[in-house]
Each structure stands twice: as structure tokens, then as C-alpha cells.
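Here is the structure we will look at, set down as C-alpha cells.
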Amino acid sequence: MYRFLLTRQWVILTLVGIVLIPVMIKLGFWQLHRHEQRVARNNQIGRSLDHAPVPVTDLTAPGREVTHDAVWRRVTAKGSYDPKGEVVVRLRTDNSGKSGFMVVTPFVLDDGRAVLVNRGWIPADAGQREYPKVPAPPAGRIDLTGRLRADEDPGEGIRDTKGLPPRMIMIINSERQAKALHRPLLGGYLELISPDGEGQPQTIDPPDHSSIGNHMAYTVQWWLFSAFVPIGWVILVRRERRDRIAAAASAAAEAEAEAVPAGI
């Protein structure tokens, strides 16, 4: 009574189920790895933000990449802004998701070296192709505190548009800006925390490191789906067998009724 499993329809259905099971298991592991990466990222950000601020020169130098453990560390710097080398970064959002520009200004340290400082967000009131009105940075010598960030690269999902108007960029990269400014810059850049006086660009909120997303729920979901495939297959087989037995019994009863002579 299980010969129907050799029909074309059931062979295809069985093969599809056999393929789906490992695919769903693999998707579950992929979501599990994403969950683990998210947890590791949150822990790393939390550790970095909990560290006491240190001088920026303790964690980076010209031509040196910011290490993974140093990203998001709070750092201090003493010196003055150089607005002549200031640029704006297109297509960036504020803390609420509104699109505009980030203002990046070189900050010259007391020892003569410089570091890029993302002073914060301003709206794109005149559009993304026209240089915006940028609040001037504080003048004179100041002490600032910021979060250390690694240089951005086009491979990180940021579109690197060419042919932009002067003093507009798409990614914040110390090596690129060092060539444009003809001066060495510390690797990476700072996200300004303070000072952030009235009328200045909107400073960026610290990253959210409390949410772990839905990856673990998706993991369980995919693995449950993979378990439901063989269970569903068995249910369908039993239902098909039951229907075929019922159909055969009904056909036999009809044949027997037709075989009985009329009037008996």
C-alpha cells in the first residue's frame, strides 16, 4: 500500500524535503553565528565605553590602524581645530535617522600631529550636492573627549561616490585625508563627545550595545522548520495511505454491488 511513494509526485516531494532539511539546519547555524557575533560586539563596545579616557596618542599613531579592542574607547586630545581642512560627509543620519552631513575637522594636537574629529551631524538644507552651512568649530586651544573609531573603507557597505563637489567626501578615512591635506594624521578618527556647545553640530549618541536582535529566535525557528519537514512528510504519507485504503474499499463495495443481480 506504500507503492504510491514511487510515483513522480511523491518522489519529487520526498527529494524536496531531503534538500530542505540540511538547508534549514545550515540557516539556523548562520543565525546562531550572527547572534554570537552580536553578543561579542555588544560586549566589546561595553568594555570599551567602560574604560577611563586615555590620550588618543596612546591608542593610535600616523599610519597605524585602530585595533579592534581600541574601537569605541574614550580618548582625550588637547590642541586646536584647523577649519581649513574641514570636510563634510554625505548621506549620514542623525540620532533619529534624518539624512544630512557629518562635519569632520582636523584637530592639531599640542605635539604638532593631527587627528580627524567627527564633530557631529548637520541637516542637508540645500541638498546633498551643495556644500552646507557649517557652524565654525570652537577657536583657540581646547580639551576634547571623543570615541575612537576605525577608518571607514568602501568595502564596509558605504557607497564611495566619485566626482563630488570640493570638500565633500563619502567615507572617513585618515589615509585619504592625510593625502588631501598633505600632512600626517593619526589612524582612525574621533567621534566628538565634548565639548558640544550650543549652535554646534549634533553630536552622535553612543552605540546601542544592549540589544541582541532576533537572531536566536530565528535560529530556533529554522531548526523547528527542519524538524517539521520529516514529521509533515510522515503525516502526509499516512493520510495518503488512509485515503487510498478508503478509496479502494469504496471501489470494492461498488463493484460488489454491481455484481449482485437485480431483484435479489
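What list of ³J(HN,Hα) couplings, whole Hz, do you get for segment 176-184 from phi and the Karplus terms 6.51, -1.76, 1.60, once you set θ to phi - 60° and write x for glycine and proline?
Going residue by residue, I get 4, 5, 4, 5, 5, 8, 6, 8, x Hz, with x marking Gly and Pro.
Percent antiparallel among DSSP beta bridges with both residues in segment 88-218, to the nearest 5?
75 percent
Please list, in chain and number order, the residues 5+ apart from residue 61 or on another chain whose amide H is under 5 Å from its amide H, with Hs placed from the backbone.
187
If amide hydrogens are placed 1.01 Å from N in the peptide plane, which non-local residues have theirs closer than 5 Å to the one on residue 54?
Correct list: 75, 76.
Note down the relative contact order for the chain as a percent, whole number, built from C-alpha pairs under 8 angstrom at least six residues apart.
Relative contact order, the chain: 25 percent.
Where in the chain lies the longest segment free of trypsin sites (Lys or Arg not before Pro) that are both loop residues by DSSP (not H, G, I, E, B) and have at most 15 other Cβ atoms within 10 Å?
Between the exposed loop sites, the longest stretch runs 168-264.
Which value in deg cm²/dmol, rounded to the nearest 500, describes the helix-derived mean residue ellipticity at 222 nm for the chain, given -39,500 (n - 2.57) per DSSP H run of n ≥ 4 and division by the residue count?
Helix contribution divided over all residues of the chain: -13000 deg cm²/dmol.
In the calculated pair distance distribution of segment 87-204, what percentage of Cα-Cα distances lie above 21 Å?
So the portion of pairs separated by more than 21 Å is 35 percent.
Among 231, 199, 146, whose Cα lies farthest out toward the positive end of the dipole of segment 142-240, if unit charges sit on the beta carbon of Lys, Arg (+1) and Asp, Glu (-1)?
About the Cα centre, the residue reaching furthest to the positive side is 231.
Which percentage, to the nearest 5, of the DSSP beta bridges contained in the chain is antiparallel?
Within the chain, antiparallel bridges account for around 80 percent of the total.
Scan the chain and hand back the longest stretch that contains none of the GluC sites (Glu not before Pro) lying in DSSP loops with at most 16 other Cβ atoms within 10 Å.
Result for the longest clean stretch: 131-197.
For segment 129-262, what mean projected area does the convex hull of the alpha carbons give, in nm²?
Result: 19.5 nm².
Pop out the Kirkwood hydrodynamic radius of segment 9-89 from its pairwise C-alpha distances, inverse of mean 1/r, in Å to one decimal.
So the Kirkwood estimate lands at 17.5 Å.
Find the accessible area per residue for the chain; the probe is 1.4 Å, ligands and nucleic acids are left out, and the unit is Å².
59 Å²
Remind me, relative contact order of segment 139-264 in percent, using alpha carbon pairs under 8 angstrom and six or more residues apart?
In percent, rounded to a whole number, it is 22.
Could you tell me what fraction of 2.2 N^0.38 Å the Cα radius of gyration of segment 126-179 comes to, as a two-decimal ratio?
1.41
Note down the accessible area of residue 216, probe 1.4 Å, to the nearest 10 Å².
The value for residue 216 is about 70 Å².
Can you give the accessible area of residue 13, probe radius 1.4 Å, in Å² rounded to 10?
Probe radius 1.4 Å; accessible area of residue 13 about 70 Å².
Mind pulling up the Rg/Rh value for segment 55-118? Radius of gyration and Kirkwood radius, both on Cα.
The Rg/Rh ratio comes out at 1.01.
For a quick size check, give me the Cα extents of the chain along its three principal axes, largest first, whole Å.
118, 40, 32
When each pair of different Cα atoms in segment 1-46 is counted once in the 1/r mean, what is the Kirkwood radius in angstroms, to one decimal?
Radius from the Kirkwood sum: 13.4 Å.
Of the candidates 217, 248, 227, which one comes out as most mobile in a Gaussian network treatment of the chain with C-alpha springs shorter than 10 Å?
For the chain, modelled as a Gaussian network with Cα springs under 10 Å, the answer is 248.
Relative contact order, percent, of segment 82-221 when contacts are C-alpha pairs under 8 Å separated by at least 6 residues?
28 percent
How big is D, in µm² s⁻¹, for segment 116-156 by Stokes-Einstein at 37 °C and 0.692 mPa s if Rh is the Kirkwood radius over C-alpha pairs?
244 µm²/s
Compute the separation of the alpha-carbon centres of segment 231-261 and segment 13-60 and state it in Å as a whole number.
Here the two parts' Cα centres lie 52 Å apart.
The values are calculated or read from the model by the stated rules, or taken from the named source; none is laboratory data. Here the structure is a predicted model, which means the values were calculated and not measured. Here the Cβ is made from the backbone with ideal geometry for all residues, glycine too, and neighbour counts use every protein chain on show. Heavy atoms of the whole protein, side chains included, go into the accessibility calculation; ligands, DNA and RNA do not. Shrake-Rupley method; radii C 1.70, N 1.55, O 1.52, S 1.80 Å.
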